[in-house]
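Coordinate-derived values only; no laboratory data. Values in this document were obtained by computation on a predicted structure and should not be read as measured data. Every residue, glycine as well, gets a Cβ built from its backbone with ideal geometry; the counts of neighbours run over all protein chains shown.
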Amino acid sequence: MPRLAVNVDHIATLREARKTNYPDPVAAAVIAELAGADAIVVHLREDRRHIKERDVRILRDTVQTRLILEMGATDEMLEFALEVLPDVVTLVPERREELTTEGGLDVVTHQKNVAHAVETLNSAGIPVCLFVDPDPRQVEASLAAGADFVELHTGLFCDANAPDARKAAFEALLTAARKGREIGLGVHAGHGICYRSILAFKGVSEIEEFSIGHSIVSHAALVGMEKAVRRMAALVRSL
């Protein structure tokens, strides 16, 4: 049965819109776990636009499932991860001016640097996931870099409007997921998945976990966090 990892970054986005101390992503994480989340995800960005160090430290003490920390492979972030010891680190590319993560990590080009980051985290007992585009070359390079998991970037599929583009993007995801499982990597998926697009993954047994945030938080603004997570959790487990 696939798992649901709930990203609470955008609860913090609402908080930072007014620079207040609410809504609290820690409170949202507690509700998400009670509603059926299998993991909590936060992305500590270089510019701290939403999640702060304080959030991650408190989540480390309160999350009962698994805490997944998304971050860039920088010395600063590696040092922080070694301090807080999340259950999993997902290494992602990052540009300060982007609205959200725009693509996967280019492990093929930067394999040496990525491998160093993976080794540093593994030495502290932290499993590492690499967020990559659905490209078999990137999946194979992730294994060579020492990763335990890959998270396939689902953005092209979720954002595609034309049926042909959507079909091609989904086929690329299937091919990459199968390659990951074939070579022994755990396979996760995420970015842009909503309550409609998740249904396309029915029967795709290669994907073990879906990381979903924006659509859940958006729905939660209308119906509440508990209902939003329960609804998505039910959809994921029906796959």
| field | Unique match (being surrounded by 17 or more Cβ atoms within 10 Å (Cβ to Cβ) and of a type outside the set (A, V, I, L, M, F, W, C)) among Arg54, Arg45 | value | Arg45
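Which of the helices (runs of 4 or more DSSP H) contained wholly in segment 150-239 include at least 3 residues that are closer than 17 Å to Gln138 by Cα and out of contact with any Leu (no Cβ under 9 Å at 6 or more places or on another chain)?
Values: elements: 155-159, 163-182, 214-223, 225-237.
Result: 163-182.
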| Any residue in segment 101-109 that is among the hydroxyl-bearing types (Ser, Thr, Tyr) and part of a strand (DSSP E or B)? | no
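Here's the yes/no breakdown for (1) of a type in the set (D, E, K, R); (2) buried (at least 19 other Cβ atoms within 10 Å of the Cβ); (3) more than 24 Å from Gly192 (Cα to Cα):
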{"position": "Thr90", "(1), (2), (3)": "no, yes, no"}
{"position": "Gly103", "(1), (2), (3)": "no, no, no"}
{"position": "Gln111", "(1), (2), (3)": "no, no, yes"}
{"position": "His116", "(1), (2), (3)": "no, no, yes"}
{"position": "Thr120", "(1), (2), (3)": "no, no, yes"}
{"position": "Pro136", "(1), (2), (3)": "no, no, no"}
{"position": "Thr154", "(1), (2), (3)": "no, yes, no"}
{"position": "Ala160", "(1), (2), (3)": "no, no, no"}
{"position": "Asp164", "(1), (2), (3)": "yes, no, no"}
| remark: Going through segment 127-166 in order, the residues found to be out of contact with any helix residue (DSSP H, G or I) (no Cβ under 9 Å at 6 or more places or on another chain), free of Cβ contacts under 8 Å to residues at least 24 places away in the same chain and charged (D, E, K, R) are Asp164
| task | Sort out which residues of segment 110-129 are in a loop (DSSP other than H, G, I, E, B) and over 18 Å from Glu151 (Cβ atoms), and write them in order of number. | result | Ser123, Ala124, Gly125
